[in-house]
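The values are calculated or read from the model by the stated rules, or taken from the named source; none is laboratory data. Since the model is a prediction, treat every value here as computed from it, not as a measurement. For neighbour counting, all protein chains shown are included, and Cβ atoms are generated from backbone atoms with ideal geometry for every residue, glycine included. Heads up: the accessible areas ignore ligands, DNA and RNA and are worked out on the full protein's heavy atoms, side chains in. Shrake-Rupley method; radii C 1.70, N 1.55, O 1.52, S 1.80 Å.
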Amino acid sequence: QKAQLLDISLSTADNRCIFVAKDVTTTDNTHEIIGCCEVIEEKLDVLMATTTATKQPMSSSSTTARRSSSERERRKTARPRPIIENLCVKGEYRRSGVGIALLHACETAVHRLWGIGQDQIFAQVLEDNHRAYGLFVDKCGYQFLFEDPTCTEVVLDDTLFAKEVVVTKRMLRKFL
């Protein structure tokens, strides 16, 4: 199967680049979207996060207080870093190289947008998304850094109202 990658770079206060993969083998020239992902710039402190990730699990009563305290500390020393988010590939195109092509496009964009001095790229993966975790770690050379139980995600409920829920995401890193 052949796919075409489109690069959509957005000029905002922080760097952001969206990649869209389209199927170019369709006979009717509709070029169906088969995958996408984005690389954005967010403040992240890797050192603080890795030291707090190795601590023993906290009791539920102390979790909230300590989480907000450690989150404040982490934000104080954080610096802007490129993070891959929202990688998705349509079901019938999985395991065909589309996901890897999207990841490589993000890695190339980091060199182009963030400059030659940027030698790392990060990715966030939901803790229960084992396929995506395998893609990043087993096939593309990313390393696990820590789990962040303070992430949020917007989901639609049964009545199609958007609500924000707390989720745990794994933070991964690759040296470029």
Problem set entry | Residues satisfying the stated conditions in the range 78-96, i.e. without any contact (Cβ under 8 Å) to a residue 24 or more places away in the chain and among the small types (Gly, Ala, Ser) | Gly91
Exercise. Pick from Asp128, Asp158: which is of a type in the set (Asp, Glu), open to solvent by 20 Å² or more (accessible area, probe 1.4 Å), assigned to a loop (DSSP other than H, G, I, E, B) and within 23 Å of Ile34 (Cα to Cα)?
Worked result: Asp128
For this session: Please list, ordered by first then second residue, the pairs with beta carbon atoms under 9 Å, 6 or more apart or interchain, first in the range 120-145 and within 18 Å of Lys90 (Cα to Cα), second assigned to a loop (DSSP other than H, G, I, E, B) and open to solvent by 50 Å² or more (accessible area, probe 1.4 Å).
Result: Arg131/Arg94; Tyr133/Glu127
For this session: Specify which of the listed residues (Val110, Val98) is surrounded by 13 or more Cβ atoms within 10 Å (Cβ to Cβ) and at pLDDT 90 or above.
Result: Val98
Problem set entry | Qualifying residues in the range 1-35 (those that are modelled with pLDDT of 85 or more and small (Gly, Ala, Ser)) - the one nearest to Glu85 (Cα to Cα) | Gly35
Problem set entry | Residues satisfying the stated conditions in the range 131-144, i.e. of a type in the set (Ser, Thr, Tyr) and part of a loop (DSSP other than H, G, I, E, B) | Tyr142
Exercise. What number goes with the only condition from (1) open to solvent by less than 80 Å² (accessible area, probe 1.4 Å); (2) touching an Asp or Glu at 6+ places or on another chain (Cβ under 8 Å); (3) modelled with pLDDT under 85 that Ala65 does not pass?
Worked result: (2)
